[in-house]
Amino acid sequence: MILAVAGGKGGVGKSTLAFELAAALDGLLVDADLGMADLPTGRGPDLHDVLAGRADPREAVRDGPVRILPCGRSLAGARAADVARMGDALDALDRPDETLVVDCPAGMRADAGVPLALADACVLVASPRRFALADAVRTRELARELDAGLVAVAVNRTVDEPPLEAFERTLGAPATAVPADPRLGRAVSTGRPVVRTAPSSAGGSAVRSIADAVRRARPGRA
Amino acid sequence: MTTTRPTEMGAFVGDPVADDAPGDDDASGDHDTPGDGDSAADDDPAGTAATEIEEAGFRLRYRVTAADGLSLVRIVVCNPAPVDRRVRIDNRLDGAVLAPRREGVPEAGWDDAGYCGTVPAGDSLTLGYACEAPPVRPPVAVSGRGRPDEADADDAPSPAAVVRRLGSPAPPRDAVPGPAATAPRGDRDRSPSALPAPAAEAGTTASETEGSPADEGSADEPSRPSEHGTHAAAVAWLDSVEARVELGERLTGASLAAATDAVDDAGGLAAVDDLPETLAADAARLAALAERAERLAARADETDVPVAALERLA
C-alpha cells in the first residue's frame with residue numbers, strides 16, 4: 001500500500017509526520033521532496049538517481065531505525081530527475097505486507113501530484129492556524145481528483161486546543177491534533193521516532209492513532 | 001463510404017484548418033516539395049486546400065502542409081449527432097505522430113499512432129500534429145468508438161498526466177549551479193540545451209558531485225570571473241555569434257561565386273560544415289538571453305532604492 005503524506009504548505013511538519021508514521025507502521029519511507037529533501041540521506045544512490053534512470057530503487061533503500069529511500073539535495077539532481085518515473089520506482093518497492101510512506105513536497109506541482117496519483121491513501125498534514133486551511137483544502141482537492149483517499153488529517157504542532165471540527169468539516173476526514181513536542185521536532189535528526197521512544201506520550205499516541213486510521217484503510221490487507 | 005467534396009467558399013472563415021499556417025516562414029521556400037502546394041496552402045484565401053470528408057458518421061475537415069520534410073496536419077472533426085461520441089483518429093502518414101505537448105508530455109488522448117477523444121454532440125474538435133513524412137490525403141482515418149461513458153471510464157491518472165496538468169517540478173536551468181547554468185561562453189561545442197544529466201552520467205555518482213558549492217569553481221570551469229570579466233566574456237561571445245551570423249547571411253541565397261568567397265574567407269568548407277547547427281544553437285541561446293535580459297531590465301526599472309532615506313537612517 002502506498003500512503004502519501006501531503007499538505008500543500010511547506011514547513012508544517014510533513015517529513016516529521018511521515019518519519020513517525022513509517023516508524024509506527026514499520027513501513028518504508030520514501031523522501032519524494034525532490035527539490036528540498038530534508039530526511040536523512042548519506043552516500044550512495046538516492047531518489048534523484050532512481051528518477052534519472054541511474055539506480056534501481058531497491059538499491060537506494062537505506063536501513064536504519066526507519067528504512068528510507070532518501071532523496072538527493074542538489075538542484076542538478078532535481079533537474080535530472082523525471083518525476084514521471086515515480087510510478088515504476090514505487091511499484092518496484094511496493095509490497096503487499098508493507099506500507100510505503102511517501103513524504104510529498106509542498107506546493108501544487110507535479111512532484112506533489114504524482115505521489116498522490118500513485119497513492120492508495122493519503123494523510124494531510126496541516127498547521128493548526130486557520131490560514132493554513134486554504135493550502136490543506138487545495139491539496140485535499142488535488143488528492144480527491146487524483147484518487148488518493150484521505151484517511152486522516154494531522155493538525156500538527158498544536159499548543160492550544162485546535163479547531164479540529166473545522167478541519168474535519170472542511171476536509172472531510174477525521175482530524176488528529178499532534179501536539180508541539182520538541183522530541184518530535186528532533187526525531188528525524190536523531191533518528192529516534194517518538195512513536196517508539198515514547199509511545200505513550202501525547203505525540204506518540206497521536207501518531208499511533210493516525211497509523212491506526214491508515215491500517216484500517218488498507219484494502220483487504222493485513 | 002468515404003466521400004470527398006471540395007470545401008464551400010467561406011465555410012471555414014476563422015477556422016484553424018483554413019487559416020494560414022502560423023510560424024511558416026521563408027525558410028520553407030528553400031525546401032519546396034513538388035506537388036504539395038505548400039505555398040499555395042499559405043496564400044489560399046478560399047481555403048481550397050482544406051478538404052472535407054465524411055467518415056464513420058463524423059465530418060472531417062483537414063489540411064496538410066509540408067514544410068522542411070515535415071507534414072503539418074490540421075483537422076476539425078465535427079460530430080453532427082445529437083450525442084457525445086468518442087472518436088479515434090489514426091495517422092495515415094508514413095511516420096510517427098509528433099503530438100502537441102505540454103510540459104514536455106503529449107496532450108491527453110495522443111499516442112504514436114494518433115488521437116482518441118470525445119467530440120461533444122453537434123460540436124467539433126480541433127486537432128493538429130506534425131509528422132516526419134510526406135503528406136498523404138486524407139492524412140487521417142476516422143473511426144467511431146461509441147458513447148463516451150462506456151469507454152471513458154478513465155483509469156487512474158498517470159504520472160505523465162499529472163506532470164502535464166500540474167507542470168514539471170524540475171528547477172529551471174538558470175537555478176542550477178554548474179556549467180550549464182553559467183553565462184554564455186564562446187565555446188561552440190556545448191549544446192545550449194545540454195542538461196546537467198548527460199554531464200553527470202560521465203562522472204561518478206552524480207548527486208555527490210553535482211551542485212555542491214565546492215563544485216562551482218572547479219572542473220573545466222575557470223574560477224568565477226569578476227563582473228567585469230563576465231561582461232568582457234559576454235561581449236566576446238556576442239562578437240563571435242555576430243561573425244557566425246554574418247557568415248550565415250553571406251551564404252544565404254548567395255551566388256556560387258559569392259558563396260565560394262565566403263567559404264574561403266571562413267577558412268574552407270570544414271569551417272562552415274556545422275554552421276547551421278551552430279547558428280540554430282546561437283539563435284536558441286540568444287532568444288533565451290533576450291527573454292531574460294528583458295525580464296531583468298523590467299525588474300531593474302521597477303526598483304527604487306531609497307538612498308537618501310538610507311543615508312538619513314545610517
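Could you run through segment A:2-22 and say how many residues are in contact with a Pro (Cβ under 7 Å, 6 or more places away or on another chain) and either hydroxyl-bearing (Ser, Thr, Tyr) or surrounded by fewer than 24 Cβ atoms within 10 Å (Cβ to Cβ) (or both)?
Going through segment A:2-22 one residue at a time, the tally reaches 0.
Quick one: in segment A:27-38, which of the residues that are crowded, with 23+ Cβ neighbours inside 10 Å and among the aliphatic types (A, V, I, L, M) is nearest to A:Arg67 (Cα to Cα)?
So, considering only residues that are crowded, with 23+ Cβ neighbours inside 10 Å and among the aliphatic types (A, V, I, L, M), the one nearest to A:Arg67 (Cα to Cα) is A:Leu29.
For segment A:42-96, give me the residue count where each residue is in a helix (DSSP H, G or I), of a type in the set (A, V, I, L, M, F, W, C) and more than 7 Å from chain B (Cβ to nearest Cβ). Write out each step before concluding.
Restricting attention to segment A:42-96, the residues satisfying the condition of being in a helix (DSSP H, G or I) are A:47-51, A:75-80, A:83-93.
If we keep only those that are of a type in the set (A, V, I, L, M, F, W, C) too, we end up with A:47, A:50-51, A:75-76, A:78, A:80, A:83-84, A:86, A:89-90, A:92-93.
Narrowing further to those that are more than 7 Å from chain B (Cβ to nearest Cβ): A:47, A:50-51, A:89-90, A:92-93.
Residues flagged as in a helix (DSSP H, G or I), of a type in the set (A, V, I, L, M, F, W, C) and more than 7 Å from chain B (Cβ to nearest Cβ) within segment A:42-96 amount to 7.
For segment B:109-138, name all the residues that are crowded, with 17+ Cβ neighbours inside 10 Å, assigned to a loop (DSSP other than H, G, I, E, B) and within 19 Å of the chain's Cα centre (by Cα).
Selection gives B:Ala133 alone.
For segment A:143-222, which fully contained helices (runs of 4 or more DSSP H) count at least 1 residues that are closer than 29 Å to A:Arg62 by Cβ and among the small types (Gly, Ala, Ser)?
It comes to A:182-190, A:202-217.
Does at least one position in segment A:10-28 carry a residue that is within 14 Å of chain B (Cβ to nearest Cβ) and under 18 Å from B:Pro159 (Cβ atoms)?
Among the residues of segment A:10-28, not one is within 14 Å of chain B (Cβ to nearest Cβ) and under 18 Å from B:Pro159 (Cβ atoms), which makes the answer no.
Go through segment B:282-311 and report how many residues are among the aliphatic types (A, V, I, L, M) and either more than 23 Å from B:Ser240 (Cβ to Cβ) or not in a helix (DSSP H, G or I) (or both).
Of segment B:282-311, the ones among the aliphatic types (A, V, I, L, M) are B:283-284, B:286-290, B:293, B:296-298, B:300, B:305, B:307-310.
With the extra rule that they be either more than 23 Å from B:Ser240 (Cβ to Cβ) or not in a helix (DSSP H, G or I) (or both), the set shrinks to B:297-298, B:300, B:305, B:307-310.
The qualifying residues number 8.
Kindly provide the set of residues from segment A:135-149 that are touching a Ser or Thr at 6+ places or on another chain (Cβ under 9 Å) and not basic (Lys, Arg), ordered by number.
Answer for segment A:135-149, where residues must be touching a Ser or Thr at 6+ places or on another chain (Cβ under 9 Å) and not basic (Lys, Arg): A:Asp135, A:Ala136, A:Val137.
Being surrounded by 22 or more Cβ atoms within 10 Å (Cβ to Cβ) and within 8 Å of chain B (Cβ to nearest Cβ) narrows it down to one residue among A:Pro115, A:Pro105; which is it?
Among A:Pro115, A:Pro105, only A:Pro105 is surrounded by 22 or more Cβ atoms within 10 Å (Cβ to Cβ) and within 8 Å of chain B (Cβ to nearest Cβ).
What is the number of the single condition among (1) closer than 30 Å to B:Ala170 by Cβ; (2) without any contact (Cβ under 8 Å) to a residue 60 or more places away in the chain; (3) basic (Lys, Arg) that A:Arg183 does not meet?
The number of the failed condition is (1).
Read-outs throughout are calculated quantities, based only on the coordinates presented, and are distinct from any laboratory measurement. This structure is a prediction, so every number in the text was calculated from the model and none was measured. Virtual Cβ from ideal backbone geometry, glycine too; neighbours counted across all protein chains shown.
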